[in-house]
Amino acid sequence: MRLRTRLFLATAAVTTVTAAAVGLAGTLYAFDSEVKRLDKVLAKVSADATDAAPDQISAAIESAADRSFAVQVSILDTQGLLTNVYGVENIVEAAPAIELAEQAQGSPITVESAETYRMSSVAIDSGDYVLLIMPLQEAIDTRNANLGWLGGFIVIAVGLGILVIWLLIRLDLRVMERLVQSAKSIAAGEEVSLPASKRGGEVAELSQALSQMLDSLRGSIAAEQNVHKAMQAFMGDASHELRTPLTVIKGYSELLQKQGADAEFRNKALPRMLSEVVRMEQLINDLLLLAELGERQVGERDRIDLTQIVGEFVDDLKALQPKRTVSVKIAKNLKVMGSGAHLHQLLSNLFGNLRKHTPVDAEVRVSLSSAGTDQVLLTVEDAGPGLPEHYYDDGVESFVRFDAFASRQQGSSGLGMTIMRTIVDQHGGRVRLSRSELGGLKTEIYLARK
């Protein structure tokens, strides 16, 4: 059932129940008040007649004459005959049953015959009854008329309620219907824009939230497509990287199997084959590490002293490349929660890139400091060749090798940056690449302390 239909049905139900309850209660209360008013008159006349015994008839006539309401005084004898002794007009012509007269002593009752009336009775010594009668039909007709008006009022109230609800929600319903159609179009793969509501309220918030979700989905789809393209490109490069050493190994193996391969050739072929195996092994290991990082989050976390680890890698850099000028500014006692093995891998890739991709005498600046209360910032700058400008805007994307040829020439897989970004992501951080003041690459790594 559509929302509009449910709202209209709910409005009709609430309006009907409310109007019926209030109107019916008012009508019945008015009718009950009228009956009580009649009973009060009958009780007074009956009391006057009873107190005047044995002359109940005269007392009843005198008391009825003093009332401003029509009261009929009649005598019902033991034979069941009715004689009207007082009244401007006869309210009742047919005699009621003796049992009803007996029942009406003390409190009035309602008698339904050709005319409906309230009746009270007073017994006299002869066994006859003095009947005190007041008409009730007018009150009944008024009640029935009020109930008829109530039914008409309910119909009008329901119509007005539905009209008011429709006027109040029609614009919001139109927006929701357009949102539904837009959602169907999006599910069908069509490019659509979600309608905006200027009325405010929950519908506007829903429209805004769906717009934000759609933008997020578009961004995620675009990012996924970029990653997929990058992965395809990388897999092509990786297959080529694997094919090349396999071709070399296969060629040298076939030559070694031939008769007449001398010792000098074997001494040349075996190291060449070994170097290609090492290259393949490094590429495969990097791929396996990426697969491992992508399949699971950081396991058991420890409090890692990042100050100590960075200091050790800086010392290694100075020892391995003594011609390089290294400026160091490392704050003390900076610790993060994470995996020690993964953080060592992160720094190994970072400083390994410095050694492989920058001249041995290029200046390097390393700093480690707090970035607010919940993060640590590691900054490494170099005076090397840097990266093409567009890489600084794109950032580190999965399966993107910044310089595949250079990686191949230097014996690496080119996946170091991707491994670094994956490790940083799993430690609640981020990597930012930019142009260094030294002219090369500036790498900023933010890691969460907790």
Failed item in (1) in a helix (DSSP H, G or I); (2) exposed (fewer than 15 other Cβ atoms within 10 Å of the Cβ); (3) of a type outside the set (G, A, S), with D125 passing the rest
(1)
Exactly one condition in (1) in contact with a Lys or Arg (Cβ under 8 Å, 6 or more places away or on another chain); (2) assigned to a loop (DSSP other than H, G, I, E, B); (3) over 15 Å from P135 (Cα atoms); (4) of a type outside the set (A, V, I, L, M, F, W, C) is false for R67; which is it?
(3)
For the range 184-195, the count of residues that are among the small types (G, A, S) and within 11 Å of S207 (Cα to Cα) equals 1
Restricting the range 365-383 to residues that are in contact with a helix residue (DSSP H, G or I) (Cβ under 7 Å, 6 or more places away or on another chain) and over 15 Å from R435 (Cβ atoms), the one surrounded by the most Cβ atoms within 10 Å (Cβ to Cβ) turns out to be L378
Residue among V111, V122, V180 that is more than 23 Å from E34 (Cα to Cα) and among the aliphatic types (A, V, I, L, M)
V180
Collect the residues in the range 303-326 that are within 13 Å of L368 (Cβ to Cβ) and assigned to a helix (DSSP H, G or I), keeping them in residue-number order.
L306, T307, Q308, I309, V310, G311, E312, F313, V314
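Residue-wise test of (1) free of Cβ contacts under 8 Å to residues at least 40 places away in the same chain; (2) in contact with a Ser or Thr (Cβ under 6 Å, 6 or more places away or on another chain); (3) of a type in the set (G, A, S).
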position	(1), (2), (3)
T27	no, no, no
L38	no, no, no
A49	no, no, yes
A52	yes, no, yes
A59	yes, no, yes
Q79	yes, no, no
A97	yes, no, yes
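Here are some residues: T50, T78. Which one is in contact with an Asp or Glu (Cβ under 8 Å, 6 or more places away or on another chain) and either part of a helix (DSSP H, G or I) or of a type in the set (S, T, N, Q) (or both)?
Criteria check complete, one pass: T78.
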Residues located in the range 70-96, provided they are among the acidic types (D, E) and modelled with pLDDT under 85:
E89, E93
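The values are calculated or read from the model by the stated rules, or taken from the named source; none is laboratory data. Since the structure is predicted, the reported quantities are computational estimates derived from the model, not experimental observations. Methodologically, a virtual Cβ is constructed for each residue, glycine included, from the backbone with ideal geometry; neighbour enumeration extends over all protein chains shown.
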